Each structure stands twice: as C-alpha cells, then as structure tokens.
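J.: Below you will find the structure I want to go over with you.
The values are calculated or read from the model by the stated rules, or taken from the named source; none is laboratory data. As the structure is a computational prediction, the values presented were derived from the model and not from experiment. In this analysis, Cβ positions are derived from the backbone assuming ideal geometry, glycine residues included, and neighbour counts consider all displayed protein chains. What goes into the accessible areas is simple: the full protein's heavy atoms, side chains included, and nothing from ligands, DNA or RNA. Shrake-Rupley method; radii C 1.70, N 1.55, O 1.52, S 1.80 Å.
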Amino acid sequence: MRQPISCLFSAFLLIGSLAGCQSASTNAMASAENNPHKGRLIYHNPMNAPEAVADWIMEGPGEVTFSDGWMRMYSPDQAMHHVFWAPVQLPDSFVAEWQAQSLNDEAGLVIVFFAAKGENGENIFDPALPARDGTFTQYTEGAIRSYHISYYANAAHNPDRGHANLRKNNTFSLLQQGQVRIPTDSTKVHQIRLIKRQAHIQLYVDDRLVIDYTDNQPVVDGVDTGPALTNGWLGFRQMKWTDFQYRSLRIWTLTDA
C-alpha cells in the first residue's frame, strides 16, 4: 500500500552511443561533463528530519528515521522491498546530486528510478493506476515507465555484483552494463550525481563515471523499448535486506541541454 510520511509541514524547498548492452565510456569529455552547466535549482531537500519528507510517498513496508542530518531507510525485519518517491516531477533534462552511505555491507541493493510516469503519461500517483507495494515487477513490467540505475548491488541472491546496470521499464530492458558502482564492502559516504540531458544519461559515483548511455536506438535485444523517456518522477528503491542512509538531495535544470 502507498503510505505518505505524515507530519505537520514540508521542509523541502521547491524553487520556482551504442544500442543494447555496452560498457560505459571513459572519453576525454568525462571530466567536463561531470561539471555540467547547472541552471535553476528546482528542488532542494536536506532529508534531515521527518518534516523534510512529509510529502514523499512510500510504497512497500519501508521506514525512515533521522539522525545527525541523515535519513535512514530500511524495512523492519527485512520484510519487503520498498520505493520512496520524491513529490516533484522533473524536466526532461536535469542534474540531481545526493549523498548515500551503506549501514549494512552484508547485503542490499539500491536503485534510483527517474523519468517515471504512467505508460500513458499519467502522474505516477494517479489513483487510476494499479496500486504498488514495492514488488519489483510492478515497476519494471507494470503500468509505469521509467529508467532505473542500480548503483549499489549486493543482493542476497546475487552477492557482490561488480557493476551498475541501467534499465528501461516497462520492458525491463538492459540498456547498459556499466562500471563498478559503490563497492559492496564500503561503509563510506559516497557522492552520487545523476545527469539526464534528454536521451543522454550519466551517473557518477564520487566523480567516477559509472553509466554513460544515449537512448537513441529503441530496439534493444529484439525488443522495441519505445522512444527515449522525457520528464517524470524520481524515487529511491531498496531491496529488503538494505540499510542505507541519504542526505542533501539537490536538483537543477541544465543550461547546456
């Protein structure tokens, strides 16, 4: 069931290429692209208190707690996977940054969904869409479309996976097998940067390019995935074994898109 995190008020600030599976590029432009031309700040959330995420939407039995300026997310008793959606629709081109840290290096899997909308362009919170409870196939093969990147992957059924994946839903198509993401044994604080320049998608972990893909060839492994996805919502997903904390989410427009 969808469960809004209730509180008195919200503290977030909302202001005003190759087809198929491929290795991430490490070309000479990587350094420059990791310093994109940020435009207007369209969303800022410190993620440091319950009121900061009062209007976020939790799907599945995930819980959040707060300490020392961080939001911890986990599933009590490792009951079930869960997705926590930010309440703002993002444009076709943006740069998002946040910090993340594993609190349990024994098992877990962390994903960011983005450009998420109903398959007919609906708001993902449209009550006419089928209810979602954290079950993965509801997001990857169901009634919403999105991209997702797994940037920490140490699942109990597939431990210590050495690379990030970029997939396109609702065909669950693997667009790119990327570089090594957050190391599975790391409990350090990591800086994440997600850049979407229309069809061009990049993800950096600590200034290291992990995903670099342009979604300009719809047919992937014989499946027509459709045109590149445009605007939509962003959310954080965790598998049930995961215990991660997050802080300082900032999202800007891009002036060079």
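J.: Take the conditions within 29 Å of Thr65 (Cα to Cα) and touching a His at 6+ places or on another chain (Cβ under 7 Å) and apply them to Val205. Does it pass? Break it down into steps so the answer makes sense when it comes.
T.: Values: within 29 Å of Thr65 (Cα to Cα): yes; touching a His at 6+ places or on another chain (Cβ under 7 Å): yes.
Against the criterion (within 29 Å of Thr65 (Cα to Cα) and touching a His at 6+ places or on another chain (Cβ under 7 Å)), Val205 qualifies.
J.: Can you pull out every residue in the stretch 61-77 that is assigned to a helix (DSSP H, G or I) and modelled with pLDDT of 95 or more? Spell out the reasoning first.
T.: Here is the first cut: in the stretch 61-77, the ones assigned to a helix (DSSP H, G or I) are 76-77.
Scanning the stretch 61-77 gives a single hit, Pro76.
J.: Checking Gln198 against (1) among the polar types (S, T, N, Q); (2) open to solvent by 40 Å² or more (accessible area, probe 1.4 Å); (3) on the phi < 0 side of the Ramachandran plot; (4) in contact with a Ser or Thr (Cβ under 6 Å, 6 or more places away or on another chain): exactly one of these is not met. Which one?
T.: (3)
J.: Of the residues Tyr204, Tyr139, which is at pLDDT 95 or above, part of a helix (DSSP H, G or I) and open to solvent by less than 10 Å² (accessible area, probe 1.4 Å)?
T.: Details: Tyr204 fails: part of a helix (DSSP H, G or I).
Within the list Tyr204, Tyr139, the selection yields Tyr139.
J.: Taking Ile192 as the residue in question, decide whether it is in a loop (DSSP other than H, G, I, E, B), among the β-branched types (Val, Ile, Thr) and open to solvent by less than 10 Å² (accessible area, probe 1.4 Å). Even if it seems obvious, please write down each step before you answer.
T.: On the way: in a loop (DSSP other than H, G, I, E, B): no; among the β-branched types (Val, Ile, Thr): yes; open to solvent by less than 10 Å² (accessible area, probe 1.4 Å): yes.
No: the conditions fail for Ile192.
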